[in-house]
Every structure is written in structure tokens, then in C-alpha cells.
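Accompanying notes for the structure given below.
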Amino acid sequence: MFTRRAKSTSLLLILLAGGIGILSSTQTWLTVGRADGGEALEVAGNAALPVLAPLSLTALALCAAIALVGPVMRRVFAAIAVVVGALMLVLTARILLQHPLDAVSPALTKATGLAGDTALSAIIDGIAVTAWPWAALVGWILLLLGGGLALVTAGRWRSGGRRYRTAPVPHDGPVDAVESWDDLSRGTDPTR
């Protein structure tokens, strides 16, 4: 029972993490106040952290892969999920805690035409963080938990393909048309 719960829980956590990441990539993460009197600039998650959308899609793909593969590859994909979760956790925390200039500089350069750290920092009055990076941070924690749970319990999960495998039935005597179709269904060639 624990194994079935571990499988569904880990897959759900990884799926939620990828979904939160994708959703947050399109939302405003940072609002830049401007000292030059210009209108405040909103910076979306995918602009502040360019790897956000691709690695969120990676989490979704890992969820599907972990659900479909055997125990060895399941562990490999779960380890990748843990690495992706840790990387995104660090990158998102950096934006939350440091409000780095490189997170807003492409959007600010596009809006003002100015480039370079000195010029851009001169027109920034302040950088405010919205709730979306915090939501993404929670998503990365979920990805770490889901990947870790899958990594630890992957060897005990049932493989879905086993229930569909059948052993060949030995035949004594001639084979009729119905038995030939049954052989085809089992994956054997009755013409041999």
C-alpha cells in the first residue's frame, strides 16, 4: 500500500511542480521602480529567469517518463528531477533574496534603450518582488520532494507492462484459425 501511495504522491508532486513553474513563467515576478520618472516596469518570470519555462517543461516530461519506465531508468529520471529542483530552487532564491540587476536588465534595456550595469542601476529606484517567485519556490520544493520520494521508492513500484504480458500456450496437434489469432495477440507468428 505504501508503495502505491509513494508512486502516486511522487508523480503528483512532480506534476504540480512543473505546472506551477509553467504558470509562474508567464506571470509578473518583479516590478522595477524607475528613478527617471518613467512608468514602473513589470518583469515576467521567463524574462527574470530564462530557464524557468524550459526546466518546468522538463519537470512535466520527467513525470511522464518516471511513470512509464522500468526501475533503473525511473531512478535516473528521479535523480534528474532532484537536480532540476535543486538548481531551480537556488536560482529562484537568488532572485527573491538578492533582486539581481541581471534579472531585470534585458527588460529594462528594451524599455529604455540603455545598456550596461552602470546606466541601468542609475535609473532603478527599487525592485519589488511579487508572490509568483514564492509560488515557484514552493513548486521547486515539491519537485525536490517528489523526485526524492521517487528515487527512494522506485525499485518497489509495480511496472504497468507486466500485467499485459502473457506466456505462450503450447499446442498439441493442428492449430485452428482462432488459435492463430490468439498467437498473433501474444506476439508470436503462427506461420512458423
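What the table below lists for this structure:
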quantity: Accessible area of the chain belonging to carbon and sulfur atoms, whole % at 1.4 Å probe; calculated: 64
quantity: Amide H within-cut-off set for Ile124, under 5 Å, with H built and near neighbours excluded; calculated: Ala35
quantity: Gyration tensor verdict on the chain (Cα atoms; rounded if a/c is under 1.5, prolate if a/b is larger than b/c, oblate otherwise); calculated: prolate
quantity: For the chain, calculated [θ]222 nm from helices alone, where every DSSP H run of n ≥ 4 adds -39500 (n - 2.57); calculated: -21500 deg cm²/dmol
quantity: Span-rule helices in the chain, defined as complete DSSP H runs reaching 30 Å or more along the axis (Cα) with Kyte mean at least 0.0; calculated: 2-25, 71-98, 132-153
quantity: Anisotropy class of the stretch 21-88 from Cα gyration tensor, a/c 1.5 cut; calculated: prolate
quantity: Probe 1.4 Å, protein heavy atoms only - accessible area per residue of the chain in square angstrom; calculated: 57
quantity: Amide H contacts of Trp29 (H built 1.01 Å from N, under 5 Å, at least 5 apart or other chain); calculated: Val43, Ala44, Gly45
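The values are calculated or read from the model by the stated rules, or taken from the named source; none is laboratory data. Because the structure is predicted, anything quoted here is derived from the model rather than measured. Side chains are part of the model used for accessible areas, which takes the heavy atoms of the whole protein and leaves out ligands, DNA and RNA. Shrake-Rupley method; radii C 1.70, N 1.55, O 1.52, S 1.80 Å.
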